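Student: Got a structure for you, written out below as structure tokens; questions coming shortly.
Coordinate-derived values only; no laboratory data. These numbers were taken from a predicted model, which means no experiment stands behind them. Glycine gets a Cβ as well: all are built from the backbone with ideal geometry, and neighbour counts include every protein chain shown.
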Amino acid sequence: MSAWLRLHRIALGDAARRIASQPLASAVAVAVIGLAVALPILASTLVHSVSRATSGLDTDPHVNVFLALDATDEDVRRVEAALKAHPETASVRFVPRAKALEELKATSHLAELLANMESNPLPHAFSVRTRTSEAPRLAAARAQWSKLPAVEQVSAEFEWAEKVSQWTRFAERALAGLALVLAAAVLFIVGHLIRLQVVTMKEEIEVSQLIGATAADVRRPFLYHGLLQGLAAGLAAVGLAALVVAWLNAELLALTSSYAYEIKIGFIDLSAASWIVLGVALLGITGAWLSVSRELRRFSARS
């Protein structure tokens, strides 16, 4: 074994023994850091789940025009002509009530219930692509279309989907800022804990320097301490977040078991979890390096 590997093996063993000699303090430190890291993981998981759920929503500007159940074929032709002639209309697609019923049966869990119904409960409808998504112009067009004969309801469903997408993008930016703040907090926590150990070992460090130990030799076991603490905290954060997501999915399953759709929160994959653990470990090393370097400079200045 080379001298370099021997030095690192000794430093790693020293760091592990130091952590094992203070099990309660080490567990509390890991729990605090793990909880701080778990919060953005959970928030990111929720935001990405909402983003995936809404990614298939149609956010193109369009308005749905629903006719009355007793609308005749003549009513359909008159409404279609009026919609196509409107200046805000880009295109019009007619959805017969029979086709709407078949699509609902194919895309939901209500097929058996719908099959047992004596009559079709769905109306004829038009999907109108508009030339604008500006609220005032859309409101004016909707008001005019709602007054057409045989028109029962006019809705612009893309508006709420667009708002959800905007809020999702805002949440992602806010999470990036939160992650930076919590990374700084992890650096502070690890640095403070390492600093306390350096201060308590001041005399031992000074003696080792007198017999030839360099700053790198003094710093090495503390860096491994930060590494091990960061790895443990990263694993704890991922594990805690996974448990919370599993609990939330169980609760959601219980709540939505009687509904047609299943709601599930997706968790991060193994690759993302590995990067998170490695990132927290890197923060642990960085915090330890900054703290030890600062204290060594203080020792030198006092001497």
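Student: For Arg137 and Leu7 in one chain, what is 0.36 nm times their gap in residues minus the Cα-Cα distance, to one decimal in nm?
Tutor: Details: separation 130, 0.36 × 130 = 46.80 nm, distance 7.35 nm.
Once the chain is fully extended between Arg137 and Leu7, it gains 39.4 nm.
Student: Among 8-14, 287-293, 42-48, how do they line up by average Cβ neighbours within 10 Å per residue, starting with the highest? Could the numbers behind the result be given before it?
Tutor: Numbers: 8-14: 14.6, 287-293: 22.0, 42-48: 18.3.
Packing proxy ranking, top to bottom: 287-293, 42-48, 8-14.
Student: On full extension of the chain, what length is gained from Arg93 through Asp269, given 0.36 nm per residue of separation minus the C-alpha to C-alpha distance?
Tutor: So the chain would gain 59.3 nm between Arg93 and Asp269.
Student: Go through 86-96, 183-193 and give me the packing order, highest mean Cβ count within 10 Å leading. Each step should come with its number before you reach the end.
Tutor: Values: 86-96: 14.4, 183-193: 18.6.
Listed from highest to lowest mean packing, they are 183-193, 86-96.
Student: Between the stretch 1-22 and the stretch 223-253, what is the C-alpha centre distance in whole Å?
Tutor: Here the two parts' Cα centres lie 26 Å apart.
Student: Subtracting the Cα-Cα distance from 0.36 nm times the residue separation, let me have the gained length for Val28 to Leu148 in nm, one decimal.
Tutor: Additional length available on full extension: 36.4 nm.
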